[in-house]
Each structure stands twice: as C-alpha cells, then as structure tokens.
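*Asks:* Handing you this structure, nothing more for now.
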Amino acid sequence: MSAAPQKVKAGAEKIDVTVSAVVQLNELVTRFEFKRRDGKRFPTFSAGAHTVVYMNDGGTQRLNPYSLMSDPADTETYAISVRRDDQGRGGSLFMHNNVKVGDKMEITYPVNLFSLDLRAKKHVFLAGGIGITPFMAMIAQLERSNGHWELHYSVRTKALGTYVDQLTTTHPNKVNIYYDDQSQTIDLGKLLDGQPLGTKVYVCGPKGMIEWVHKSAAAAGWPDTSIHSEEFTAPQPGKAFEVRLCKSNKTITVGENESLLEAMEREGVDAPFLCRGGACGQCETDVIKSDGEFIHRDHWLEPEEQGKKIMPCVSRFIGNSLEIDR
Amino acid sequence: MSKFQFPESIQSRPVYGTLEPRPGKYHLIIADAEGAEAILDLSEQDATLMANAHIIYIPKGSKLGDRLKALRPAQYYEGPSYQAAASRIERVLASAHMGTQIYLTGTEGLIGQAMRDCINAGLPHTAIQTEHRGSVARRMQCVHCKGITEDVITDPFECSHCGLNLFVRDHYSRRLAAFQGVCIDAEDPGNVPEKVELYK
C-alpha cells in the first residue's frame, strides 16, 4: 500500500473528452482516440490499465471497461480498440454505430488491474483476439526501457488480425502470429519449457485460453504468481429480480438486461466500482438477508464468502427476497 | 529432534513450512546441518525427485552428508560455508529455467541467504519452499555499523564488527537476509542485561 495521499479517486473520477479519431481496423475492430476537452494533458498511465467509457445510448447509460492501448507516455491522446460484439449487451455496438469524431464523452481515470511486474527478467505475452489491446501499451512501455519481451498472438484470420501488420513490421523478431484458419496454434508446452528463471507470463484472451495457460504452467512447475491474466466478464442478462437496498432505504428491480450495479446507478444510488467486470473487488457488497439462489459470476469472492457477499457488477440473484448493505 | 516451533511474532519474522515434493523439471535443494533430515524426509515422500535434483549441502559439523549422497541426487556438492557455495549457487540460478523447484532447509541464516539469492534470480518468494531444522541461531545485522554477525545464539550479543551490545529483534530484512540488532545500552552505557540463550 502506498502511503502517498491519492489526489484523484481512480475509477470514480471522470475526464471529459472529445473523440478525436475513429479508425476502423478491420471488420470487427475499431480504434477510438480521445483528447481532453479542457486542453490539459492526460495522466500518464501504467501499461495494462483500463478506462471505463460512459455511453449515453438513447437514455440508457452504458459503462464499459476497455484497456488503454495507446503508448502510456503519450499524454495527448488516449486510445482504446473495441471489438464489435453483435450478441453483447450493446456497448460495443453503440461505440461502433453511434460514436463519431467530435462527439463529447466521459471516461474514468485509468485503473490498472493487469500491470507489468517490472521485477521480471523476461515478459512473455500471450494474446487471443482482441486480448492484444493491453499488450500494445505494455510493448510501448517496455520498448522505452529496453525490456526483454516476446509476444505470441493468436488470431482467427489474416483479415481479422488486429495490429498484426504493425507489430510484425516493428518487432519482427519478438512477435509470433498464429492463424486459426491455417490451424496454427501456440505450442504452449514448448513455449513454457526452457524460459529463464524470473520469466513472467501475461495472458489476455478468452476464458478457455486463460485457464489453459494457468493449468499448463502449474503442471510444468511454474508458480501461479508468475502467470498474470486479465479477463473482463461482461454482465450476463438474466431474470429480473427485486432487491432491497438497506442503507439507501429503497427497493429496486434489476431488469433482465442490466446488472445489479447498473440498476443501483439508475436509481441514483452511489455504489462504488472500478472494473465492472468482477475482477477488482471494489463493488463488493454485504448481503444482509437472502432467500433464494445467487448466480456468482465474479473472479473475486472466495467460495466461502459467496452468499455472504455479492459483486453487483456481474452477479445476479433468483429467489424470493434479497437485502444488501448499500 | 531437529524441529523447533517458533512462537508467534511480528509480521516481519519469517515463518517456515514443511518441504513437500512439487512437480518440476529440476529440483534445487540447498541445506545446512540438520536440514539434511528434512531432505531425507522429502525423499521418502517421493524418491523419484532425486533423479533431477541438485543438492548443495553445508554440513557445519553434521555427519549426514553420506546419507544424502546415498539418495543418489543428479548432482551433489558439499562445502564448508554458504560463502564457499555462493558462486556455485549463483551459477546454477543464472542458468536455471522456470519449472525449477527450490527447497531450502536448515538454519535461518542458510534459508535467508539462499532465499535472497533466489529472489534476486527472479523467483517470487512465495514460490520457494522452506523448512527450519536445527539450531535457532540467527544471522544478525548491526543497524549501527551494518556489519553482519553469523550464528548469534544469545540476546543481547556483541556486534562482531563494532562491539556494541545489541538487542536481538524479530525485525527481519529479506533483502539483507538478516535480523536487525539494535544497541541495548545507548541511553545508559554499560547497563547491559545478562545474556540469555535464544528461546531458552
């Protein structure tokens, strides 16, 4: 814990921005660049950080976290790359269909839940699809300090290989691309074998890929603390449920397509959050009383805490009654 | 019996566990004195581990070296002191790969120094197994002259460098691999409590 006083409460504090560029990278992925409206500079961030983008989608407020993928040393511009998810809850579709250059938006201060461990002797990055975004910033940061890294990046096809050309041109000897449609896969066993002591592995991609890396590394005798992973869980829709908020003295209904956290925000309840993806622990809330079944979707609570606590950003409830301390 | 249960103390004080076999391609075992008994116990749990093990042993007068050799580790080294083994340990760690399991056992001084060198080589300290065996003597740093005194067994003790009377604290430095010794009679020079053997 740092003893230094925090000037801004990360996550909660917002920055007013203007969309300065919208660059379509391929059929699915578009990059959005932001500049500050007050003309000041952005704070530098540590690579791996994300920002939460506030979207006003026809009266519905959507807040989605995206990894900052611009150079962390660039304080003029922040950039995110968004993959369109046609089956998603609408945030990425809103970004793709509605956001234009010149639009005024709000984003949060950066929060880092996936930082580089700078004690590492070597950094091995494993990316699947849009999981490339945090590594774009990490590579920029490490290049500046002459860091020892390599990237193994799995993409579906050449056409959908976001930033593949840029990466292979700039770092031909450090970047390895694997094309699914050519049946190329990361040979993880070989890759883990023979890495020097003090190597850290970072993985960002689909849930299955993250589990695969953790499991394979454990079997090869790697300490789990040497494997860093980031997975944002988007809140899944579910049956509507009612919840009593004790501190606010309110009873609210969480709709099918919103999370408990979003429902509280809609009702004007000041609920804490950082990642909105079940990873950071900031929104942890005590359960006062419950009669029913929890659907825990977070990566935060220990099994014995589940039911005594709930993570409103991703978890839901089915049953007769729920009372939480908020 | 070479095992000793340390009383609970401040958070800074290292705590030790019991060695257990873990999956890995290579097993680096560094031990001194009665630490050999912990290696014998480890080998009893999984004798196959020795085929890929490197034992670095500092007997400090113990006669258990032959029994360790009889476990037929892939590599075996015996030396008179940690300092004597240090260049070998440095060489082994520099060429080691991820998937190496580290086992440290014996006195606190040995465990601490080997732990420090493994951390410097890039391993997270939580991934290194330790088991205390044998003497409860400590490696102490004098916070005044910064000199290190090995195998301190009484509290207070005299700094082997500057001669100050030092109080044995549980305050530990992972970086220095030493407990901190603080002058006990600074306010009232010469008023030094009688020496007591540690944990007696």
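*Asks:* Is it true that residue B:74 is under 13 Å from the mean Cα position of the chain (by Cα) and aliphatic (A, V, I, L, M)? Write out each step before concluding.
*Replies:* Working: under 13 Å from the mean Cα position of the chain (by Cα): no; aliphatic (A, V, I, L, M): yes.
In short, no.
Let's see how each residue does on (1) in contact with a strand residue (DSSP E or B) (Cβ under 8 Å, 6 or more places away or on another chain); (2) at pLDDT below 95; (3) in a helix (DSSP H, G or I):
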position: A:114; (1), (2), (3): yes, yes, no
position: A:120; (1), (2), (3): yes, yes, no
position: A:123; (1), (2), (3): yes, no, no
position: A:134; (1), (2), (3): yes, no, yes
position: A:137; (1), (2), (3): yes, no, yes
position: A:140; (1), (2), (3): no, no, yes
position: A:152; (1), (2), (3): yes, no, no
position: A:172; (1), (2), (3): no, no, no
position: A:178; (1), (2), (3): yes, no, no
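*Asks:* Now a separate question. Filter region B:53-111 down to the residues that are within 14 Å of chain A (Cβ to nearest Cβ), surrounded by 13 or more Cβ atoms within 10 Å (Cβ to Cβ) and of a type in the set (Gly, Ala, Ser) and list them by number.
*Replies:* B:53, B:96, B:99
*Asks:* Ok, one more. In region A:165-201, how many residues are surrounded by 14 or more Cβ atoms within 10 Å (Cβ to Cβ), more than 14 Å from chain B (Cβ to nearest Cβ) and within 25 Å of residue A:120 (Cβ to Cβ)?
*Replies:* Residues of region A:165-201 surrounded by 14 or more Cβ atoms within 10 Å (Cβ to Cβ): A:167-168, A:171, A:174-180, A:186, A:188, A:191-192, A:195-201.
Next, only the ones that are more than 14 Å from chain B (Cβ to nearest Cβ) stay: A:167-168, A:171, A:174-180, A:186.
With the extra rule that they be within 25 Å of residue A:120 (Cβ to Cβ), the set shrinks to A:167-168, A:171, A:174-178, A:186.
Residues that pass the stated criteria total 9.
*Asks:* Filter region B:142-200 down to the residues that are under 14 Å from residue B:12 (Cβ atoms), touching a strand residue (DSSP E or B) at 6+ places or on another chain (Cβ under 6 Å) and not in a strand (DSSP E or B) and list them by number.
*Replies:* B:143, B:176
*Asks:* For region A:116-137, indicate whether the set of residues that are within 14 Å of chain B (Cβ to nearest Cβ), over 16 Å from residue A:67 (Cβ atoms), among the β-branched types (Val, Ile, Thr) and surrounded by 17 or more Cβ atoms within 10 Å (Cβ to Cβ) is non-empty.
*Replies:* yes
*Asks:* Only one of (1) in a helix (DSSP H, G or I); (2) under 22 Å from residue A:85 (Cβ atoms); (3) in the same structural domain as residue A:279 (by TED's automatic domain parsing) is not met by residue A:264, so which one is it?
*Replies:* (2)
*Asks:* Another question about this same structure. Out of B:131, B:150, which single residue is under 28 Å from residue B:3 (Cβ atoms), buried (at least 19 other Cβ atoms within 10 Å of the Cβ) and among the charged types (D, E, K, R)?
*Replies:* B:131
*Asks:* Another question, if that's okay. Within region A:224-249, count every residue that is in contact with a helix residue (DSSP H, G or I) (Cβ under 9 Å, 6 or more places away or on another chain), within 14 Å of another protein chain (Cβ to nearest Cβ) and crowded, with 18+ Cβ neighbours inside 10 Å. Show your work before the answer.
*Replies:* If we filter region A:224-249 for residues that are in contact with a helix residue (DSSP H, G or I) (Cβ under 9 Å, 6 or more places away or on another chain), which is where we start, we get A:224-227, A:229-231, A:233-235, A:241, A:243, A:245, A:248.
Restricting the remaining residues to those that are within 14 Å of another protein chain (Cβ to nearest Cβ) gives A:224-227.
Restricting the remaining residues to those that are crowded, with 18+ Cβ neighbours inside 10 Å gives A:226-227.
Within region A:224-249, residues that are in contact with a helix residue (DSSP H, G or I) (Cβ under 9 Å, 6 or more places away or on another chain), within 14 Å of another protein chain (Cβ to nearest Cβ) and crowded, with 18+ Cβ neighbours inside 10 Å number 2.
*Asks:* Another one. Within region A:1-51, track down each residue that is polar (S, T, N, Q) and either assigned to a strand (DSSP E or B) or modelled with pLDDT of 90 or more (or both). Working first, answer last.
*Replies:* If we filter region A:1-51 for residues that are polar (S, T, N, Q), which is where we start, we get A:2, A:6, A:18, A:20, A:24, A:26, A:30, A:44, A:46, A:51.
Within region A:1-51, A:18, A:20, A:24, A:26, A:30, A:44, A:46, A:51 meet the criteria.
The values are calculated or read from the model by the stated rules, or taken from the named source; none is laboratory data. Bear in mind the structure is a predicted one, so any value in this text is a computation, not a measurement. So basically every Cβ, Gly included, is an ideal-geometry build from the backbone, and we count neighbours across all protein chains shown.
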